[in-house]
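A quick write-up on the structure given underneath.
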Amino acid sequence: MVPGDAGFPLLLGIGTGLAVGAAWLTGQAIAESWRPAWHVLPSAILLALADRFLAYALFGGSLLSGPAALVTLGIVLALGLAAYRLRQVKKMVSQYPWLYRRAGPFHWRDIGG
């Protein structure tokens, strides 16, 4: 481990505790407001930057660690998009029950087709 880099336990601690929870709630909120899925990306970037700052400010991690930021961004983006899709499917099926049925956790299907 490089001095000044807190490593994988820090990534799991802060990433799981704050950034992942925030990403999940952000994905749901974006879907709830009927915005397109690409809106998750700017939010995920900001959450990944905030995570890197917290790692730097609280635990002495490196602020400009490219690999750590990319891993955090990947995790946050994946969970934000998953939360977005789950909420979108739930909204479509519950708001338009005469048109759509659930076809799995991430999909819906037409009733008539």
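Just a few scattered comments:
Condition check ((1) among the small types (Gly, Ala, Ser); (2) within 22 Å of the chain's Cα centre (by Cα)) across all residues:
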{"position": "Ser43", "(1), (2)": "yes, yes"}
{"position": "Ala48", "(1), (2)": "yes, yes"}
{"position": "Leu64", "(1), (2)": "no, yes"}
{"position": "Pro67", "(1), (2)": "no, yes"}
{"position": "Arg87", "(1), (2)": "no, yes"}
{"position": "Arg102", "(1), (2)": "no, no"}
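- The range 73-99, residues that are aromatic (Phe, Trp, Tyr) and surrounded by 18 or more Cβ atoms within 10 Å (Cβ to Cβ): Tyr84
- Residues of the range 63-72 include none that is at pLDDT 90 or above, in a helix (DSSP H, G or I) and surrounded by fewer than 16 Cβ atoms within 10 Å (Cβ to Cβ).
- Hits in the range 49-72 (condition: in contact (Cβ under 8 Å) with a residue 40 or more places away in the chain and of a type outside the set (Gly, Ala, Ser)): Leu54, Leu58, Phe59, Val71, Thr72
The values are calculated or read from the model by the stated rules, or taken from the named source; none is laboratory data. Remember, it's a predicted structure, so these values are computed and weren't measured experimentally. FYI the Cβ positions are ideal-geometry reconstructions off the backbone, even for glycines, and counts take in every protein chain you see.
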